[in-house]
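Take a look at the following structure, please.
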Amino acid sequence: MAFAVTEINSNPSLLPNVRAMLQIMRRFGWTWVGLLFMDDAYGRDAGQIFQSELALSGWGCLAYVEVLPWNNDPAELQRIVSVMKASTARVVVCIEYGIRLIRLMDEVIRQKVTGRQWIADVSFIEQPKLQTPRYLPYLRGTLEWENAGGRVCTGQEDLATAETTLLNLSNLRSEYNVYKAVYVVAHALHDMLQCVPGRGPFTGHRCATLQTIQPWQLVHYLEKVNFTTTFGDQVSFDDNSDALPICDIMNWEWFPDGSPVVKVQNVGLFKKSASTGEELILDEDKIFWNFETKKPLRSVCSESCSPGTRLARMKGQPVCCFDCIACSEGEISNETDSMECTSCPEDFWSNPQHDHCVPKSVEFLSYHEGIGISLTTISLLGALICAIVLGIFIYYRDTPMVRANNAELSFQLLLSLKLCFLCSLLFIGRPRLWTCQLRHAIFGISFVLCVSCILVKTMVVLAVFKASKPGGVNIMKFFGAMQQRGTVLALTSIQAMICTAWLVSASPTPHKNTLYHSDTIVYECEVGSTIGFAVLLGYIGLLALLSFVLAFMARNLPDNFNEAKFITFSMLIFCAVWIAFIPAYISSPGKYADVVEVFAILASSFGLLVALFGPKCYIMLLKPERNTKKSIMGRGANKT
């Protein structure tokens with residue numbers, strides 16, 4: 001197939017021709033073309049203008065540029081056609097005429113270069129030899145540009161029905177140009193004669209007269225001519241005094257009866273007007289395409305980059321040749337042939353296709369996931385067991401087992417253990433400001449309350465033993481009920497002050513962390529002040545260590561049911577759990593840090609509950625015969 005472009009006015013204007021070519025290229029998406037032009041002034045000017053306009057338009061690129069030899073050198077023509085054949089460009093812009101065009105097409109036939117879309121000047125239709133069976137398999141379907149003719153005759157003439165190039169009255173293009181030229185002069189003279197003396201456009205507001213008219217005066221009026229012909233074509237001049245181009249687009253076809261003569265049919269129009277600018281009008285249904293698909297072919301160096309990718313220029317290659325590189329994680333492109341990928345907003349991430357942003361997945365220790373449900377169940381179960389044990393102790397409060405083990409402190413210890421179990425619930429669910437602030441405060445205060453009760457119980461055990469020894473000092477007056485309550489309250493108040501100072505100075509806050517996974521928002525509580533968190537844990541550890549040391553010292557006291565043994569064992573479990581917690585907590589990412597902390601809370605709470613109250617409940621419920629003062633004090637009595 002070929003496109004042929006003709007001169008648009010009597011003085012060939014190359015720029016409109018070139019722009020017409022670019023319009024048709026843009027219409028069919030041809031961005032990768034080859035350029036052939038003849039080795040003379042016209043060809044070189046046309047080739048240079050085409051290259052410049054192509055670069056300015058930014059539409060397409062040249063796969064090759066070849067100058068056709070003036071002397072028809074066979075070797076040079078063979079080389080040029082070989083380049084054309086090897087190129088991936090399927091569109092060829094050819095500016096050539098005369099015998100050289102015939103020689104070029106002979107070489108095209110010899111090398112069997114088919115499947116090419118030609119864009120050429122008027123020389124194609126001016127070479128009757130090209131419209132023969134030898135060349136038509138390569139050139140049929142040609143589209144060519146012609147100066148706009150006078151269109152269809154008014155209708156009565158017999159010659160108007162003759163479909164031959166010699167008798168086609170609709171092809172009166174030169175005559176139509178003369179027709180328009182005469183009317184241009186007539187309109188200019190008419191405007192000149194309408195000039196009112198004293199209001200003219202020349203110096204001193206003078207008008208021109210036919211007797212003294214000067215050429216430059218006529219040119220002044222010619223430049224302002226603007227009218228529409230009876231065929232609907234606008235005639236005027238642009239700022240450069242060039243006539244606005246009007247071209248017919250003609251299509252080469254076979255005759256329906258199979259005649260070897262080409263049929264030229266008008267399929268569109270290219271024109272420029274002052275109001276609409278350059279305009280290409282095509283009736284694509286009328287165009288005959290010389291391809292098996294019967295559709296316009298594609299001519300691109302690289303296929304378009306789909307959304308989700310970006311263009312990457314090939315080094316040393318024209319801009320039309322590029323690679324398509326997938327956007328990086330977190331980046332998208334949602335347009336074809338995007339030059340850059342854009343980053344998604346902070347709370348969004350790229351979908352697998354990288355063509356749009358989607359909200360990042362959210363991660364936190366949830367009540368709706370398996371591990372969250374399990375921890376919640378265990379926490380509530382622990383609180384329930386504490387309530388049951390408390391009920392048992394209240395029911396058996398008058399028995400020696402309860403009375404001998406400081407009932408009031410046992411009740412306080414059970415209540416504090418229940419708080420320890422329940423505080424773990426604050427670590428489950430989406431972190432919010434109030435949960436972040438309360439979770440560690442309540443955790444710290446609950447465990448200090450619990451360990452304080454254990455510490456006071458241990459001190460009471462030691463005081464009772466020392467007071468019961470012969471010659472022992474009666475120090476029990478320092479460990480009465482009020483003193484015990486005061487000690488527990490004082491020790492717990494210190495932790496409360498630590499928590500208050502921490503919350504006031506550097507309060508824990510919810511934080512959206514994306515460091516663990518770029519496509520996931522991990523909701524977590526920032527501790528605010530690491531020092532505050534360390535002091536909170538350190539104070540609990542200090543009380544637990546002191547309780548362990550005192551209980552260890554009292555482990556061999558001569559009671560049949562020695563409370564100090566169970567305190568020693570419970571503190572051993574407690575310290576082991578929290579010593580293991582620190583490295584596990586530091587190394588656990590995201591929600592798993594909360595899982596580790598909740599597990600440590602539950603494990604240490606169950607350790608205290610089972611070690612301190614398990615044996616007592618066993619005796620009260622299953623071995624009531626051992627719940628007597630004699631049984632409890634038996635070992636000491638025997639030794640005495």
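Does Ala544 meet the test of being more than 23 Å from Ala383 (Cβ to Cβ) and at pLDDT 85 or above?
no
Under 8 Å between Cβ atoms, which residue pairs at least 6 apart in sequence (or on different chains) link something in segment 296-308 that is of a type in the set (D, E, K, R) with a partner that is surrounded by fewer than 18 Cβ atoms within 10 Å (Cβ to Cβ)?
Arg298/Gly29; Glu303/Cys324
If we scan segment 525-532, do we find a residue that is outside any helix (DSSP H, G or I), at pLDDT below 90, under 44 Å from the mean Cα position of the chain (by Cα) and among the hydrophobic types (A, V, I, L, M, F, W, C)?
Yes, that holds for at least one residue.
Filter segment 169-184 down to the residues that are surrounded by 15 or more Cβ atoms within 10 Å (Cβ to Cβ) and out of contact with any strand residue (DSSP E or B) (no Cβ under 8 Å at 6 or more places or on another chain), then identify the one that is modelled with the highest pLDDT.
Looking at the filtered set, the residue picked out is Tyr179.
Only one of (1) surrounded by 12 or more Cβ atoms within 10 Å (Cβ to Cβ); (2) modelled with pLDDT of 90 or more fails for Asp347. Which number is that?
Result: Asp347 fails condition (2) only.
Let me ask something additional. Considering only residues that are under 48 Å from the mean Cα position of the chain (by Cα) and among the charged types (D, E, K, R), look in segment 76-118 and name the one that is farthest from Ile49 (Cα to Cα).
Lys112
Take the conditions out of contact with any strand residue (DSSP E or B) (no Cβ under 6 Å at 6 or more places or on another chain) and surrounded by fewer than 15 Cβ atoms within 10 Å (Cβ to Cβ) and apply them to Asp39. Does it pass?
no
Output the residues belonging to segment 506-518 that are assigned to a loop (DSSP other than H, G, I, E, B), out of contact with any helix residue (DSSP H, G or I) (no Cβ under 7 Å at 6 or more places or on another chain) and surrounded by 15 or more Cβ atoms within 10 Å (Cβ to Cβ).
Listed by number, the residues that qualify are Thr514, His517.
Just checking: which of the helices (runs of 4 or more DSSP H) contained wholly in segment 313-425 hold 1 or more residues that are assigned by TED's automatic domain parsing to the domain that holds Glu597, acidic (Asp, Glu) and out of contact with any Leu (no Cβ under 6 Å at 6 or more places or on another chain)?
Fully inside segment 313-425 and qualifying: 407-423.
Which residues, counting only those in segment 428-451, are farther than 19 Å from Leu375 by Cβ, among the aliphatic types (A, V, I, L, M) and under 44 Å from the mean Cα position of the chain (by Cα)?
Correct list: Leu433, Ala441.
Does any residue of segment 430-448 turn out to be touching a Gly at 6+ places or on another chain (Cβ under 6 Å) and not in a helix (DSSP H, G or I)?
no
A further question follows. Filter segment 361-398 for residues that are among the aromatic types (Phe, Trp, Tyr) and crowded, with 18+ Cβ neighbours inside 10 Å and give the result.
Once the filter is applied, which keeps residues that are among the aromatic types (Phe, Trp, Tyr) and crowded, with 18+ Cβ neighbours inside 10 Å, segment 361-398 yields Phe364, Phe393, Tyr396.
Out of all the residues in segment 309-325, is one or more modelled with pLDDT of 85 or more and of a type in the set (Asp, Glu)?
Looking through segment 309-325, at least one residue is modelled with pLDDT of 85 or more and of a type in the set (Asp, Glu).
Among what's in segment 278-316 and is among the small types (Gly, Ala, Ser) and buried (at least 17 other Cβ atoms within 10 Å of the Cβ), pick the residue that is farthest from Ala63 (Cα to Cα).
Gly308
For the condition surrounded by 14 or more Cβ atoms within 10 Å (Cβ to Cβ), assigned by TED's automatic domain parsing to the domain that holds Leu139, touching a residue at least 40 places away in the same chain (Cβ under 8 Å) and more than 27 Å from Gly268 (Cβ to Cβ), what is the one hit in Arg100, Arg90, Arg44?
Arg100 is the lone residue from the list that is surrounded by 14 or more Cβ atoms within 10 Å (Cβ to Cβ), assigned by TED's automatic domain parsing to the domain that holds Leu139, touching a residue at least 40 places away in the same chain (Cβ under 8 Å) and more than 27 Å from Gly268 (Cβ to Cβ).
Restricting to segment 14-36, and then to whatever is under 14 Å from Leu56 (Cα atoms) and in contact with a Gly (Cβ under 9 Å, 6 or more places away or on another chain), can you tell me which residue is surrounded by the fewest Cβ atoms within 10 Å (Cβ to Cβ)?
The extreme case among them is Arg26.
Identify, from the list Ser446, Ser424, the residue that is closer than 16 Å to Gln412 by Cα and at pLDDT 90 or above.
Ser446
Determine which single condition Ala534 fails, assuming it passes every other condition in (1) on the phi < 0 side of the Ramachandran plot; (2) without any contact (Cβ under 8 Å) to a residue 60 or more places away in the chain; (3) surrounded by 16 or more Cβ atoms within 10 Å (Cβ to Cβ).
Status for Ala534: all satisfied but (3).
The values are calculated or read from the model by the stated rules, or taken from the named source; none is laboratory data. Since this is a predicted model, take the numbers as computed values, not measurements. As a convention, Cβ positions derive from the backbone with ideal geometry for all residues, glycine included, and neighbour counts pool all protein chains shown.
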